Each structure stands twice: as C-alpha cells, then as structure tokens.
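Reviewing the structure listed below.
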Amino acid sequence: MKRALLDSLLAARAAKRPVAVATELESGRQALISAEDSEGELPLNDDLLARIRRMIADDQSKVLGDEGIFVQTYSPPLRLFVIGAVHIAQALVPMASLTGYDVTVIDPRQAFATDSRFPEVELVDEWPDDALIEAGLDNRCAVVTLTHDPKLDDPALIEALKSDCFYIGSLGSKKTHASRLERLQDAGVEPALFSRIHGPIGLDIGAKSPAEIAIAVLGEMTAALRGGAAQSKSAA
C-alpha cells in the first residue's frame, strides 16, 4: 500500500470512520472508499462504488469475482453504552462483549457500579448525558437505559436521539414507556423521533429473568444492526 493511501486509512480509523480498501488482484492497484468519497489509483465506476459502500454498511469483506477486486472493510468497533449498573446489565454486559461490543456501563450511583459486579468492564460514574456527550456517539453505537429512574434514563435518551446511533432501547412496560415519551416531549424532543426508541425493550420472547431479558435486548440490537426482522416487544 502506498504511503498516502496508508496515511488516509490510518486517519479514517483514528476518526472511527468506516472505510474499505479495494485492491485489484492482478495489478495491485488500490483505492480507499468511504461513504462520502474515494481516493487512490484504482478507478471505480458508480456501480462498483455503490456495491463497496453497501459492503461497508454491512461490515463485509470479500472478493468481487467478476471484477477481480478484493474489498477489505475496516469498521470502527461496535460500542454499547448501558445506563444503569443493574441486574439485567450484569447479564447483558458479558453477552454483548462476547458478541464483539466495547461495553461501557454508566451509573453515577457508585454503590451499583463496582468492579466486583462488573469485572473487566469500563465503568463511568458520571451523569449519563455528560458521559454520552464525552464518548461521542456514532452509527456504530447502541444505548440501552435500564435504571427505571427518569433522572438518569431521560437525559441519556435525549442525547442518544441527537446522534445517529443504530439502536436505542429503554426498559419498562408499555405504560412506563408512554409516560417516558410524555416527559421527553415536555423536554422538547420532537415526537417524530420517538419511533427510534425501542420500548418496551427487547424482542418478544416471553423473557422474565435478567438473563432472558438480556438475550431479548441483544437479539433486538442485532436485528437493528444487521437489518433483520424483529418482533417487539417484551414486557420488560
């Protein structure tokens, strides 16, 4: 890879921008493609660019056989921000980590957010909205609120709705969720954004225990990420 292209690739990865490197197998010519532009010595027509950008969106790498081009996608890590160091979080965090997420648990209540309850996980004891602003949400992020405390959940939801994160979920019954939406509207959130919140959270699998609810949540997150069909909602 030529130095200029390598520098651009490293800059994109540092900025957590998803990109792909297309390499023509016969000649070795390469191009760096992002959602906005492309650069390099390998010419690509509009159809190829559209196909490669679809691969970037799907986090997919493969050889395009007809063209003899290998496409290597470089995606930022998936990140999950869990608001509330509660029992469901204790089940969800290790499941999400196994699935490939960088997980952060946010809870200013230090009695809950302890290393003994959440070993080897990043714990943040700031207010959730401040922590999310500092983290810088993007389209590789999911935000899950689990506290049942409007003082913690609502500000986090407001910040999540300002971003393009791919999944926002909030624990609570249908009645609880309806009250939540009323509060968000009173706080100035446009009702058109409410459909982005998965609430009640999780797939409708009859989940009851914290671990079962965590499975339902992770399943719904996966469907949102990969474009699968999801049947909501659980009664969590």
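The values are calculated or read from the model by the stated rules, or taken from the named source; none is laboratory data. Just so you know, these numbers come straight off a predicted model, no measurement behind them. Every residue, glycine among them, receives a Cβ derived from its backbone with ideal geometry; neighbour counts consider all protein chains shown. Accessible surface is based on the protein model in full, side chains and every heavy atom, while ligands, DNA and RNA are left aside. Shrake-Rupley method; radii C 1.70, N 1.55, O 1.52, S 1.80 Å.
Computed quantities for the displayed model
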item: Any hit, segment 95-103, residues being more than 22 Å from Ser209 (Cβ to Cβ) and surrounded by fewer than 20 Cβ atoms within 10 Å (Cβ to Cβ); result: yes
item: Answer residue from segment 108-131, given it is in a loop (DSSP other than H, G, I, E, B) and in contact with a Pro (Cβ under 7 Å, 6 or more places away or on another chain) and is most open to solvent (accessible area, probe 1.4 Å) among those; result: Trp127
item: Residue in segment 82-96 that is in contact with a Gly (Cβ under 8 Å, 6 or more places away or on another chain) and either at pLDDT 95 or above or under 24 Å from Arg17 (Cβ atoms) (or both) present; result: no
item: Matching option when the condition is open to solvent by 60 Å² or more (accessible area, probe 1.4 Å), modelled with pLDDT under 95, in contact with a helix residue (DSSP H, G or I) (Cβ under 7 Å, 6 or more places away or on another chain) and not aliphatic (A, V, I, L, M), among Glu39, Glu26; result: Glu39
item: Residues located in segment 178-212, provided they are at pLDDT 95 or above, open to solvent by less than 20 Å² (accessible area, probe 1.4 Å) and farther than 15 Å from Tyr167 by Cβ; result: Arg180, Leu184, Val189
item: Failed item, numbered, when Arg17 is tested on (1) closer than 28 Å to Ala96 by Cβ; (2) assigned to a loop (DSSP other than H, G, I, E, B); (3) open to solvent by less than 70 Å² (accessible area, probe 1.4 Å); (4) not polar (S, T, N, Q); result: (3)
item: Counted residues, segment 107-131 - those being in contact with a strand residue (DSSP E or B) (Cβ under 6 Å, 6 or more places away or on another chain) and within 14 Å of Ile168 (Cβ to Cβ); result: 1
item: Those residues of segment 52-70 which are surrounded by 11 or more Cβ atoms within 10 Å (Cβ to Cβ) and closer than 20 Å to Arg140 by Cα, in sequence order; result: Ile52, Arg53, Met55, Ile56, Ala57, Asp58, Asp59, Gln60, Ser61
item: Residues (on the phi < 0 side of the Ramachandran plot and either without any contact (Cβ under 8 Å) to a residue 24 or more places away in the chain or open to solvent by 30 Å² or more (accessible area, probe 1.4 Å) (or both)) located in segment 141-163; result: Asp149, Pro150, Lys151, Pro155, Ile158, Glu159, Lys162
item: Long-range neighbours under 7 Å by Cβ, at least six apart or interchain, first residue part of a loop (DSSP other than H, G, I, E, B) within segment 172-183, second modelled with pLDDT of 95 or more and among the basic types (Lys, Arg); result: Gly172/Arg180
item: Flag for Thr222 being hydroxyl-bearing (Ser, Thr, Tyr) and outside any loop (DSSP other than H, G, I, E, B); result: yes
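Conditions (1) within 30 Å of Thr145 (Cα to Cα); (2) part of a strand (DSSP E or B); (3) under 19 Å from the mean Cα position of the chain (by Cα); (4) acidic (Asp, Glu), marked per residue:
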| position | (1), (2), (3), (4) |
| --- | --- |
| Ile52 | no, no, no, no |
| Gln60 | yes, no, yes, no |
| Gln72 | no, yes, no, no |
| Val82 | yes, yes, yes, no |
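Conditions tested, residue by residue: (1) assigned to a loop (DSSP other than H, G, I, E, B); (2) closer than 15 Å to Ile158 by Cα; (3) touching a residue at least 12 places away in the same chain (Cβ under 8 Å); (4) not acidic (Asp, Glu).
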site	(1), (2), (3), (4)
Arg79	no, no, yes, yes
Asp102	no, no, yes, no
Ile133	no, yes, yes, yes
Asn139	yes, no, yes, yes
